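Following: one structure in structure tokens, then a few remarks.
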């Protein structure tokens, strides 16, 4: 039976609810009761037949009267009424997840005020090209899971504000209009499971903000255009079940944010590009059912967060890389029907993997013969090993004696150099030259060039011909007590860290007068200064703030998960997050708290900024990754609120008060109240951030989990499709 739809048109917005019982009328009356001056409002007609009637029959009658007499209320069955948007002021329209049928009313094609439109999960029919017009204000449209036919409208390329377009699982035919590439702010594009033909437009290379691209299960052919190499913000790419051919492009290694890659069921040939190893956050890799040849790249085993790997039904040969034995994150491996040989990695995922159709495999896996060496080969190997061990021992002995002698001789010289040379450098530049250039450019650190001050020193903007703009942190005089050798070793390690969301440390210079660190320059300065500025803070809309939170999580996850040994920041705050010209987050001062206060890892010195310090440091003083997690939670809430939450932090984690915290209390009042879709994303982030503030460090999620959870947020996807499995979250 087709459900009735109870709709309320309130000036600019149409809301719909499934009319499953007669209680909606009572609910609307209760909602009306929250308004002042009810009888003088547009809702004055919303009354029962008999004043004060409250029994079920009266309510049932009220629901019938509502369809006829209540202002702004329309009741209909099965089809959308033609009179929708007659006033031309409809902005948000949602009828998703019903069983509505029929054509889209012609009045909607002229509804130029549309911003958010959701027709998904119904049974609408009609020609898509004719049913929808050009909407200059349109930001989000989801037409998925219906029975629309026809072709995609090239005029959608004129919807400059569009951020998400979904037309999946319909009967759309024809080619993909290249004009869609003109919507440069597009974040999500889903055209999957239709009957599209032709090639992927090269104009898609202009969609540099794109996060998710799905065109799977169509009849797309040709190569992947080289222009798509510019889509460096992609997090999910699914081109499976098409007729794409040629090699898998090497530029796919540019997709550093990608966690889902599916190119299966196509006609790709040649070798698997080794550049895939650069996608360090790849979670799903499916290249099955193609014509790939050569060996499995050994560096695929370095993808530490890879969970699902499917390379089946290709023509791959050679051995399975031994490095997979240490891939503890792998859960699902499918390598069947190739030409692989040699030992199967001794890994839990490979023991249960699908490997049939490879005649040359062996190992300690049920159904495969053990890998055995012949007695002759074993004998030769044993002799060779013994000879090499003896020779190696002799070489090591003589080398050890030589090293001891040289170290003893050079230690005295190095100690003198450190004390008397007056400068040090560990960058790729000439330390003496860099030191002189910085002094000249800043007029020996004149206050004119100072752009900020922190707990460890003052920051100066410096322009050098060799480097362009750089940031120089001049350290306080208290740094003189730091041991120079250990400090140099620590800085050497930090200069090797390269990540898009971490400020690059170029090097360090010092003499008896000055000591300073040299960083890349980040244009917009600190997040704290922007949030504190009434004008600049309004430029940080909700989407930018969500991306800043994701960027900080990405950086911390990298430092905790991918660095060996893991690095704890120790001082996460809005002052230590810098924003570039595109409002991308860059975390600064990584590891500097430890460099300048090496004793702060024990029980003598408290690390961190007041208001961001984890509560356990009050009694343990032991800094761990969970301290960064707590600080991140405070920071995430600060970004949404526009300022530090202060006393609200305690309310969010207190079981007796958390239910009384209102969502609106946690928002920056300087920004417009978020649309429903954005609101759901913000609620999700608030839940996640609140779990970071739990008093017990073991109850907090890891930064890797936090980053993965945030990465799963489709920019405009309702968060009811996202599940959290870690932390004790609540509904604010």
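Any read-out appearing in this document is the output of simple, stated calculations on the displayed coordinates, not a laboratory observation. Nothing here was measured: the structure is a model prediction, and the numbers come from that model. Neighbour counts are summed over all protein chains in view; Cβ atoms, including those assigned to glycine, are modelled from backbone coordinates with ideal geometry.
Using the per-residue mean of other Cβ atoms lying within 10 Å as a proxy for protection, in what order, highest first, do the peptides 662-670, 578-586 fall?
Details: 662-670: 13.6, 578-586: 18.6.
Answer by packing, highest mean first, reads 578-586, 662-670.
For the peptides 257-269, 103-115, the ranking by mean Cβ contacts within 10 Å, running from highest to lowest, is 257-269, 103-115. Just report the Cα centroid separation between the range 530-574 and the range 283-300, whole Å. After rounding, the separation between the Cα centres reads 34 Å.
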